[in-house]
Amino acid sequence: MSEGAITIRRATTADAEALLPMFAAHRSVDEEDEKVDRYRERLIALVENPAHHIVVAELDGRVVGYAAAQDYGPAPHRDWSIARMHDLWVSPDARGHGAGTALFEAVRDWAEQQTKIRVLEWQSLDVAKHFYAKLGLSGEHADDEDPRARYEIAVHLPSRD
């Protein structure tokens, strides 16, 4: 892998073919997931949905990672919302070049720019614990019954009221 600069941009429907193998690889780390086969069809709807924010990382013109987040909107009892980062994945051959950090920062920046989002949360597997620790983040173990080590992580964002 070369030492080119990482570029982060919003995903487009044209990114589906590059994203599908990454999505499949990401999901296989966790578990077998039937959603992989449906991802190509859903990508157009997700990219065009204003409640979703999907960004890709490019290195030397090649898509090497992606992050996907969603604004869940306010609950009936509050006027602010929680966003959830569903995925953050960088191809193994592109790791160590800053793509993961840049993707995370792009999602956090998006959440901070939304006037109603006050919390960005997600679950992480143990394999990503070191990555988030380098960003100064740690989480709480999510489920003692789950054999996969899952951690809940949340970033509280500044209020923009």
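Taken together, the values in this text are just the output of simple stated rules run on the coordinates, not laboratory data. Note that the structure is predicted; figures quoted are calculated from it, not measured. Methodologically, a virtual Cβ is constructed for each residue, glycine included, from the backbone with ideal geometry; neighbour enumeration extends over all protein chains shown.
The gain in end-to-end length when the Thr115 to Ala154 segment is fully stretched comes to 12.3 nm, 0.36 nm per residue minus the alpha carbon separation. Close amide-amide hydrogen proximity is noted between Trp80 and Ala75, each under 5 Å apart and 5 or more residues distant or on a separate chain (H modeled in the peptide plane; Pro and chain starts excluded).
Whole-Hz Karplus values for region 45-57 come out as 5, 5, 5, 8, 7, x, 7, 10, 10, 10, 10, 10, 10 Hz, taken residue by residue from phi with 6.51 cos²θ - 1.76 cosθ + 1.60 and θ = phi - 60°; glycine and proline positions read x. Between Asp93 and Arg42, the modelled label-to-label distance comes to 2.7 nm, taking each label 7 Å out from Cα in the direction of the beta carbon.
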